[in-house]
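Data block below; observations after.
The values are calculated or read from the model by the stated rules, or taken from the named source; none is laboratory data. These numbers come from a predicted model, not from an experiment. Note: ideal-geometry Cβ built from the backbone for every residue, glycine included; neighbour counts use all protein chains shown. Just so you know, the surface numbers come from the protein's heavy atoms only, side chains and all, with ligands and any DNA or RNA stripped out. Shrake-Rupley method; radii C 1.70, N 1.55, O 1.52, S 1.80 Å.
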Amino acid sequence: KVFSRSNLGFIVVNKEHFDDQADAYHYTKYNRVVGSDFNLFSADNRWSGKLFYHHSFSDSNERGGGQHGADISYTRDRYKFNWNHQMVDDEFDAEVGFIIRKDAFRLNPSATLFIFPESEKINRIDLNIGYEQVTQPGVKLLDRNLNFKIENRYLSTANLELEANLDYVLLTGDFDPTGIDEISLLEGEEFRNAQLELAYRSNNNKDFTYGARLIGGKFLSLIHI
């Protein structure tokens with residue numbers, strides 16, 4: 001336990017082979033990850049989040065590599081700010097686990113404004129803007145997303161959302177979106193798309209509930225240079 005409500009945790013994960021033929025099967029003889037997490041909860045509940053650092057070691061890479069990240073939120077009655085990032089070294093290798101992408105830096109800040117209208121039906125309106133990008137050393141921007149969202153939260157627990165997304169993608173390898181080897185999008189090509197989404201979920205206190213989602217926009221739009 002740290003401060004009034006926060007806490008500090010440690011983790012050790014060890015994977016080790018006792019088979020004499022590990023080299024023949026190209027196994028690493030051992031893979032270890034050690035790390036620490038700091039979980040933040042302030043006394044007034046305004047600050048919350050998590051910071052972490054993990055480091056991996058193996059017989060093939062004794063020096064190893066690390067990853068670090070943070071997901072911190074500051075909340076008041078009318079607004080909320082969130083900072084999220086993750087950096088994964090090229091040498092970080094957690095064999096007992098799952099890493100989406102190595103040698104990359106992910107950044108994802110967001111801000112939300114809470115509106116409480118004088119209404120007999122609407123409890124709260126959330127206005128949110130978020131930004132996310134993934135970059136890689138020596139390579140220009142890999143992915144980017146700009147998100148705008150309006151959410152109506154009704155007193156009945158029903159929910160109505162209107163969301164807009166602007167995306168950018170740089171292909172790091174050839175890609176066939178059809179899965180039948182008929183269309184090949186080439187490594188290095190850049191794409192942008194825009195989507196508008198409308199979603200509704202009914203009162204979940206009823207015996208019968210339903211939801212609907214409508215999405216319109218482009219899937220991949222090639223950027224001509």
Please give the FRET efficiency for E182 paired with N145, using the beta carbon to beta carbon distance and R0 = 22 Å, rounded to the nearest 0.05. 0.20
Expressed to two decimals, the stretch 139-180 has a Cα Rg over Rh, using the Kirkwood radius, of 1.25
For the chain, give the magnitude of the charge dipole about the Cα centre (Cβ charges: +1 Lys/Arg, -1 Asp/Glu; no others), in debye to the nearest 20. 1480 debye
Using the alpha-carbon centroid of each, what span in Å lies between the stretch 56-94 and the stretch 128-197? 22 Å
Using only the Cα atoms of the stretch 1-111, what semi-axes does the equivalent ellipsoid have when each is the square root of 5 times a gyration tensor eigenvalue? Give whole Å, largest first. 36, 16, 9
What does the convex hull of the alpha-carbon atoms of the stretch 82-191 project to on average, in nm²? 10.5 nm²
Give me the net charge for the shell around E197: Cβ to Cβ below 10 angstrom, other residues only, Lys and Arg +1, Asp and Glu -1. 0
Relative contact order [Cα under 8 Å, 6+ residues apart], the chain, whole percent: 10 percent
Compute for the chain: radius of gyration divided by Kirkwood radius, i.e. Rg/Rh, restricted to C-alpha atoms, rounded to two decimals. 1.05
Which of H17, H54 is most accessible, then next, and so on - probe 1.4 Å: H17, H54
Spin-label point model (7 Å from Cα, Cβ direction): what's the Y168 to R5 distance in nm? 3.8 nm
Over 19 Å between Cα atoms, which of K121/K206; K50/K140; K15/K50 qualify? K50/K140; K15/K50
Length gained when the stretch T157-H85 is fully extended (0.36 nm per residue, less Cα-Cα span): 22.7 nm
